[in-house]
Amino acid sequence: MIKPKRSAEQQVADELERKALNPLASRQTISDSQAEPEFHENHKRLKADRLAREAAELKAKK
């Protein structure tokens, strides 16, 4: 059987309902093998920056 086509409004409503039912599963994720090298470099840089900030905060508290 051929399903009848849905309008754009119906498609948007269905997508919103699906996301409301399971918000974690509706998130799109990128596996490490698919990520660009620039993403990995940026991720490492941001992580190092965050760790440096946290270390500086700990030293300032002492």
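The values are calculated or read from the model by the stated rules, or taken from the named source; none is laboratory data. Only a predicted model underlies this, so the values are computations on that prediction, with no experimental measurement involved. Here the Cβ positions follow ideal geometry from the backbone for every residue, glycine too, while neighbour counts run over all protein chains shown. With ligands, DNA and RNA removed, areas are computed over all heavy atoms of the protein, side chains included. Shrake-Rupley method; radii C 1.70, N 1.55, O 1.52, S 1.80 Å.
The set of residues in segment 17-36 that are at pLDDT below 85 and either part of a helix (DSSP H, G or I) or open to solvent by less than 100 Å² (accessible area, probe 1.4 Å) (or both) comprises ARG18, LYS19, ALA20, LEU21, ASN22, PRO23, ALA25, SER26, SER31, ALA35. Within segment 41-52, not a single residue is surrounded by fewer than 10 Cβ atoms within 10 Å (Cβ to Cβ), modelled with pLDDT of 75 or more and assigned to a helix (DSSP H, G or I).
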